[in-house]
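Values quoted throughout were computed directly from the atomic coordinates according to the rules given, and no laboratory measurement underlies them. Predicted model, so just to flag it, every value in this text is computed and none were measured. Here the Cβ positions follow ideal geometry from the backbone for every residue, glycine too, while neighbour counts run over all protein chains shown.
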Amino acid sequence: MELKTKIKFKLREVYGNFQTYLEYEYENQITENLYHGTLEARQKWATYNQVIIELKYNLKDMLKVKELQYRLTEATEPNRVCIDFIEDLKTKTPELERLYYKIRNFK
């Protein structure tokens, strides 16, 4: 199985089947960055994805999941998007706090 296909398969295991235009755009964005990106870019996008997974499974806030997916698909500065997004959250888990500081330390 090709690596790109494996990435998409794993994303669907976590998120379920993608059904909306936004979900497909996010899938394409993250797949391209994980497949074609530098090691640094891959690490960053894996971290951004961890933020979304935390929102989905621990905060159980699908509206925030969609909002962050949208912002990341449109972003020219995904670090800034994630930092601002997490800062604006009213409820933060320890994992979100950890991810926030990890993203702030990206170069």
F9: touching a residue at least 60 places away in the same chain (Cβ under 8 Å) and either in contact with a helix residue (DSSP H, G or I) (Cβ under 7 Å, 6 or more places away or on another chain) or not in a loop (DSSP other than H, G, I, E, B) (or both), yes or no? no
If I go through the range 12-21 residue by residue, how many of them are over 17 Å from W45 (Cα atoms), under 15 Å from the mean Cα position of the chain (by Cα) and assigned to a helix (DSSP H, G or I)? 1
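Filter the helices (runs of 4 or more DSSP H) completely within the range 38-107 down to those with at least 3 residues that are hydroxyl-bearing (S, T, Y). Reasoning before the result, please.
Numbers: elements: 39-57, 62-74, 78-88, 94-104.
Correct list: 39-57.
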Residues located in the range 29-46, provided they are out of contact with any helix residue (DSSP H, G or I) (no Cβ under 8 Å at 6 or more places or on another chain) and of a type in the set (S, T, N, Q): T38, Q43
